Amino acid sequence: MADQAATTSNSSDETIVCYAPTMITTNGIWQGDNPLDYSLPLFILQLTLVVVTTRILVYILKPFRQPRVISEILGGVILGPSVLGQSSKFANTIFPLRSVMVLETMANVGLLYFLFLVGVEMDLAVIRRTGKKALAIAVCGMILPFLIGTSFSFMLHQKSQYMKQGTFILFLGVALSVTAFPVLARVLAELKLLNTEIGRIAMSSALINDMCAWILLAFAIALSENESVSLASIWVILSSCAFVIFCIFVVRPLISWMIRRTPEGESISDFYICLILTGVMISGFITDALGTHSVFGAFVFGLVIPNGPLGLTLIERLEDFVSGLLLPLFFAISGLKTEVRTIQGAGTWGILFLVIILACAGKIAGTLLIALYYKMPFYEGLTLGLLMNTKGLVEMIILNVGKDQKVLDDKSFAMMVIVSVVMTSIIIPAVTKIYKPARKCVPYKKRTVQRSKPDSEFRLLVCVHTPRNAPTIINLLEASHPTKKSPICIYVLHLVELTGRASAMLIVHNSRKSGRPALNRTQAQSDHIINAFENFEQHAGSVSVQPLTAISPYSTMHEDICNLAEDKRVAFIIIPFHKQQTVDGGMEATNPAFRTINQNVLANAPCSVGILVDRGLSGSTRLAAGQVSHHVAALFFGGPDDREALAYAWRMSEHPGIGLTVMRFIPGEDAAESTSSGPRRAPPNDPGMLTVVTDDDREKQLDEDYINQFRGRTMNEDSIVYTEKVVTNGEETVAAIRSIDSIHDLFIVGRGQGTISPLTAGLTDWSECPELGAIGDLLASSDFAATVSVLVVQQYVGMEAQGDMYGVPDSPSAQPEHFSYSHMSRQPLPRGPEIFHPQP
């Protein structure tokens, strides 16, 4: 066996490592072989160790909400000479010097593909659209830390290093001033800020920042290869520019041609995918040969891939394997090179903390100045500054290149690794403390239909799961009487479950009339939904539609819905019921997760909510282009939810093509006697019960006032019929509802939570979907009229009332879980019949 020699720099001594090229796989332990003497079993063991350590750390750091990068770097540091590697036995057995080459090679392959994916995910159009604010924030956020890095390089740079001061400055400056775009995306997703204005600015600035960092890195590498700036450095820079131009003008058109060759709606052929993945390698090879780093080529190659189906396919194919298995290897390698012990003496540690504080402060100050210049609130500027401190991959690459090129010695390298870990780890806790979006919530009055003025804009948020939900919702909106005096502004939110992608996102659609084919099923559905609503906008007057898509896990989707409603100051949210009608008229559940979303929205919504049970609200007898003909029935029992339902029905009744029947149910004489579930009379000395009675009286008064106001204003309307039914119990109520004419195609009812009514006694015992309330559940059940759609309305009861609303047990049997509201628990709240809610 011819021995090959490889030189590895280790603690600045040249070590010569001899290893046998044929020792790849073992003959087996039965032959007396030690598997760890062979490169493949050793590599598998190392990879397993790295992935397991990283995963354990991810799990441990999860409660502290740390990004994954932190776990990956720390995992490497733990396995490296700083912790476990202090035992020479461990270091020589698991990470012997001869294995470093295989590890580094694999880590760089992972890095190559990861940066290719980062390039694919970056949308250059965003940079063009970002405008001056993001550009200024990015530039200022780079300049100050760069200057700080420069000043520190004089303190850290020893005369013994043969590297020129200039290159050292460049490396330190770039490492301190860079913002890691991929890490920032995950941090923003974790903080649920991706869809906010601040999130968009941060992402755009990070993109620009990343671009600048790559350009500076290419310069730094070109300069570090030679001790003096010679002709070679200039050639490196020029040839790299030529490579970028080649990618833009030759590679991009080629890839666009591949996409055009793919029939619409079909996924891109494996042959093309294979070609592109090979292209990543070739780009890496070319840029490495030119003298910049191989990842630069892969990154540029990723950037020129057009946004669309191809990008999504590549991300789906590669993401898990690359970022789950190969990428941790790169961070582990960085950790293995980090020797914390080289940082000795209080002075050096002092400098280290000074670097951390000043670099953080520099970035924050630079960003804050620009933010204040653009009249952003102080806290938002501060938050932006903190977010721009996110470090991660790019910085580790810069440091590794610097270490390999001997620009950074062990001490500087270890210090910079610690700096990046500390800076990234403080971001989420700091931002959570400083930035409370509640501060920006200007309390808006029109959170309910009842409070919306008849002559002002009516804002709705409509949630749609599939295109099947769209027609009925559009007919309902059309019937909601948009006029010039009171136009309707509709935010259409397509809810898509997050699968595979690292971060949740909210997509705002500017009308896509580009005629491009849909990328996948989700986008095809989005397009379908958007087209339906945009057609509606064109045909109906006084309607504006803003389509959006929310991609997030079902467990937190209600947060997106509620945040959007709050942001857009919506008065009413419409969400589809989780069951759909089958051919035979029955109701079947489509997806159990939809029900959880609905329950969570009802519990946390910042405005009124309507759940729409869709049984085909067709505009069956259309009169003319702008006319609809519907017969709506509103059932009124009393309470805030019923008043809200009546308010919505009242608004609809102003439409010339709508006939409205309001049926008010009044408890008969016997109803009060029913002891089982009638209004409970307070024992003489129970102060707790007294409040229930008085609130009950106040509710009744509010009901009376509202009904009188409604009747007074609509007395002369022929299209409105008002009837009162006296009923004494649940059975009579059901009979009365069933007796309503079958001409109606929409029932509007209040959810009626919290009102203790004898009229619905016994109806709640058998309810399938308590979140619809007793009457809503009855109307939505399969055995009720098959052609009538139902809108179940819950009125928003002000924040100050929520404390009382969920917190007062008014019967000994009240279970503790009634108070889980204060913990914002994800479980649907059992807002049972024994809880009342007073009006604020």
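The values are calculated or read from the model by the stated rules, or taken from the named source; none is laboratory data. Being a predicted model, the structure only gives us computed values, none of them experimental. Ideal geometry is used to build each Cβ from the backbone, glycine not excepted, and the neighbour counts take in all protein chains shown. Heads up: the accessible areas ignore ligands, DNA and RNA and are worked out on the full protein's heavy atoms, side chains in. Shrake-Rupley method; radii C 1.70, N 1.55, O 1.52, S 1.80 Å.
Some notes on this structure:
- When each of Lys391/Lys436; Lys337/Lys391; Lys62/Lys133; Lys700/Lys725 is checked by Cα-Cα distance, pairs over 27 Å: Lys62/Lys133
- Cut-off under 5 Å, modelled amide H: who pairs with Arg664 long-range: Phe636, Thr723, Glu724, Lys725
- In this structure, the residue pairs whose Cα-Cα separation is over 27 Å, taken from Lys132/Lys406; Lys89/Lys411; Lys363/Lys411; Lys192/Lys579; Lys485/Lys568; Lys192/Lys411, are Lys132/Lys406; Lys192/Lys579; Lys192/Lys411.
- Here the Debye sum runs over all C-alpha atoms of segment 531-600 as equal scatterers in vacuum, and log10 of I(q)/I(0) at q = 0.12, 0.19, 0.24 Å⁻¹ comes out as -0.47, -0.98, -1.11.
- With each label modelled as a point 7 angstrom along the Cα→C-beta vector, the Trp235-Val726 pair spans 10.5 nm.
- Surface share of carbon and sulfur [accessible, 1.4 angstrom probe, percent] for segment 38-157: 72 percent
- Between Phe321 and Asn92, the C-beta separation translates, for a Förster distance of 30 Å, into a calculated FRET efficiency of about 0.50.
- Label-point separation, Val340 to Val583 (7 Å along Cα→Cβ), nm: 6.7 nm
- Taking every Cα-Cα distance in segment 254-408 and sorting them into 5 Å bins from zero, the calculated P(r) comes out as 2, 7, 10, 13, 13, 12, 13, 12, 9, 5, 2, 1, 0, 0 percent.
- Under the Debye formula (equal points on every Cα, no solvent term), log10 I(q)/I(0) of segment 374-490 at q = 0.10, 0.14, 0.19 Å⁻¹: -0.64, -0.82, -1.02
- Scalar couplings 3J(HN,Hα) for segment 29-35, obtained by applying the Karplus form with A = 6.51, B = -1.76, C = 1.60 to θ = phi - 60°, are 5, 5, 8, x, 8, 8, x Hz; x denotes Gly and Pro.
- Spin-label model distance (nm) - Thr466 vs Arg521, 7 Å beyond Cα toward Cβ: 0.9 nm
- Distance between segment 189-204 and segment 722-761 - C-alpha centres, whole angstrom: 46 Å
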